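Here's the structure we're looking at; comments come further down.
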Amino acid sequence: MIKTAFLLAKKDLYSELKTKQVLTTMIIFAGLVILVFSFAFDPANNTTKAVIPGVIWVIVVFSGILGLNRSFLSEQRNDTMQGLLIAPMDASSIYLGKFLANFTMMLVVELVSIPFLFLLFDFKIIGSIPYFILIMFIGSFGFISIGTFLAALAANSKSSEMLLPLLLFPVTSPILIGVVQATRIILTNMEKFSSALAWIQLVSAYDVIFFVLCFLLIEYVLEV
Amino acid sequence: MIEIKKLTKQADNKLILRGIDLSIEKGETVAILGPNGAGKSTLLKVLATLIKPSSGLVKINGLDLKKNHLEIKKLFGYLPHSSLLYDHYSPLENLVFFGKLYGVTNAEERAIELVKEVGLSFFLNEPVKNFSRGMIQRIAIARSIVHEPELLLLDEPHTGLDQGAISILNNVILSMKAKGTTTLMVTHDFKQAAEICDRIIIIKNGKLVDDFKLEDRALNLVSEKYQLQVEGVS
């Protein structure tokens with residue numbers, strides 16, 4: 001199963017390397033968000049630093065949706081999804097492969113955009129960088145794992161691009177609340193570290209539960 | 001090879017397949033004929049594990065479709081209306097990807113061999129999006145046999161093909177038949193059905209209404225039986 005999932009993820013990432021459609025759009029979107037926020041808030045002002053955790057997750061959520069929307073819609077051209085469904089593998093391999101590809105693209109966007117954001121806002125991390133990376137990882141993991149599942153669900157609808165955000169926001173709101181709070185504490189106020197740790201634990205538990213659920217239920221979603 | 005008993009499929013209160021009973025021996029080449037909406041493609045999709053049947057029993061090579069779908073998926077190659085190919089990938093990349101998905105050893109060698117077999121060696125590394133309908137169908141045929149399946153499920157494979165592509169497709173089917181592959185082909189093309197098939201099945205309103213063996217490419221017999229069953233002309 002893992003081997004097939006890696007093969008599917010490799011196929012998606014290689015497609016992206018060839019077409020440069022999704023990742024480029026995601027990075028351009030992230031850059032635009034950072035630019036707009038840098039115009040709206042004065043980077044020299046100290047209170048501006050308070051909006052940074054929020055801006056980080058605005059980038060993740062909205063650029064993530066751009067990528068998620070494409071991940072299953074791209075399989076509708078020439079009915080390639082049927083080609084995957086008739087291959088000797090479980091539907092969960094398709095989910096895992098798509099998840100790995102989406103998660104990799106999300107990490108690339110974060111790697112490019114977050115240093116750019118810190119640079120433009122002249123933001124110096126006073127907290128813990130490893131914990132910040134951990135929060136980014138678990139937050140993106142949860143968001144993409146649920147998003148990949150819902151993208152598969154929405155892909156069968158005619159208005160899937162509108163449906164995905166509608167389904168995604170309510171389900172991922174506990175993750176987003178948790179990671180925004182944890183990011184704020186880790187980046188600006190390490191005195192409340194225990195509180196951040198509680199948020200991290202909550203988000204991690206949510207991630208595990210929903211990843212397993214999505215993994216088990218994908219078979220019913222992908223049925224023709 | 002294929003055992004179907006009392007197969008039904010219902011969708012949105014409409015009964016698409018109404019108790020199909022069918023038995024197909026290994027190595028047979030069977031054409032499924034019938035008017036539009038008769039349930040031919042649905043039957044093929046059920047066999048291809050794309051649609052779950054509402055009731056009935058389907059066995060392929062003695063394996064139950066419900067319980068052993070992973071093993072069954074390894075046995076068949078499916079060629080629907082769509083090519084199931086990735087547009088921006090070349091024939092080589094497409095076939096290597098699907099070959100690896102089916103666990104084909106030396107997937108690249110097999111892909112090159114198949115592209116040569118369908119007469120498109122010159123376009124090995126060209127993206128499929130630049131191909132004509134006939135060329136795409138040839139690569140789609142190669143994709144469906146990349147893992148050397150024991151059962152070939154073809155849904156109107158001759159539609160939109162030029163004479164060259166039809167001849168290549170027929171040669172592929174006949175060479176697979178020589179290797180002992182069972183072929184099930186949904187078609188509206190009586191001429192092609194008579195040319196390559198040794199048994200004809202006619203489906204009407206989700207029911208199997210006729211099933212007969214064909215000898216000496218008897219196109220007239222196919223037309224007569226079809227008219228009798230479907231159009232009610234004697």
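The values are calculated or read from the model by the stated rules, or taken from the named source; none is laboratory data. Since this is a predicted model, take the numbers as computed values, not measurements. Please note: Cβ atoms are built from the backbone with ideal geometry, for glycine as well, and neighbour counts cover all protein chains shown. The accessibility values were calculated without ligands, DNA or RNA, using every heavy atom of the protein model including side chains. Shrake-Rupley method; radii C 1.70, N 1.55, O 1.52, S 1.80 Å.
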In cubic angstrom per residue, the convex hull of region A:29-129 built on its Cα atoms measures 105 Å³
To the nearest Å², the heavy-atom accessible area per residue of region B:84-148 with 1.4 Å probe amounts to 41 Å²
Mean Cβ-within-10 Å packing, highest first, puts peptides A:112-123, B:70-81, A:150-161 in the order B:70-81, A:150-161, A:112-123
One finds the C-alpha centres of region A:101-171 and region B:60-100 to be spaced, in Å, by 33 Å
So the angle from the long Cα axis of helix A:129-154 to the longest Cα principal axis of chain A, reported in degrees to the nearest 10, equals 30 degrees
Measuring from the longest principal axis of the C-alpha atoms of chain A, the long axis of helix A:193-221 (C-alpha) lies at a number of degrees, nearest 10, equal to 10 degrees
Distance in nm between A:ILE125 and B:LYS66 label points, each 7 Å along Cα→Cβ, equals 5.4 nm
For A:LYS20, the lysines lying under 22 Å Cα to Cα, once residues fewer than eight places off in the same chain are dropped, come out as A:LYS10, A:LYS11, A:LYS98, B:LYS129
For chain B (alpha-carbon point model, no solvent) the Debye-based log₁₀ I(q)/I(0) at q = 0.11, 0.17 Å⁻¹ works out to -0.56, -1.26
Bounding extents of the protein assembly as shown in its principal axis frame from Cα atoms, largest first in Å, are 90, 48, 36
With a ≥ b ≥ c from the Cα gyration tensor eigenvalues, square-rooted, and the rule rounded for a/c under 1.5, otherwise prolate when a/b > b/c and oblate otherwise, region B:84-148 is prolate
Using the Cα gyration tensor of region A:1-42, the equivalent ellipsoid's semi-axes, largest first and to the nearest Å, work out to 34, 12, 4
If one compares the long axis through the Cα atoms of helix B:163-178 with the longest principal axis of the Cα atoms of chain B, the angle in degrees, nearest 10, works out at 80 degrees
Mean projected area (nm²) from the convex hull of Cα positions in chain A is 12.3 nm²
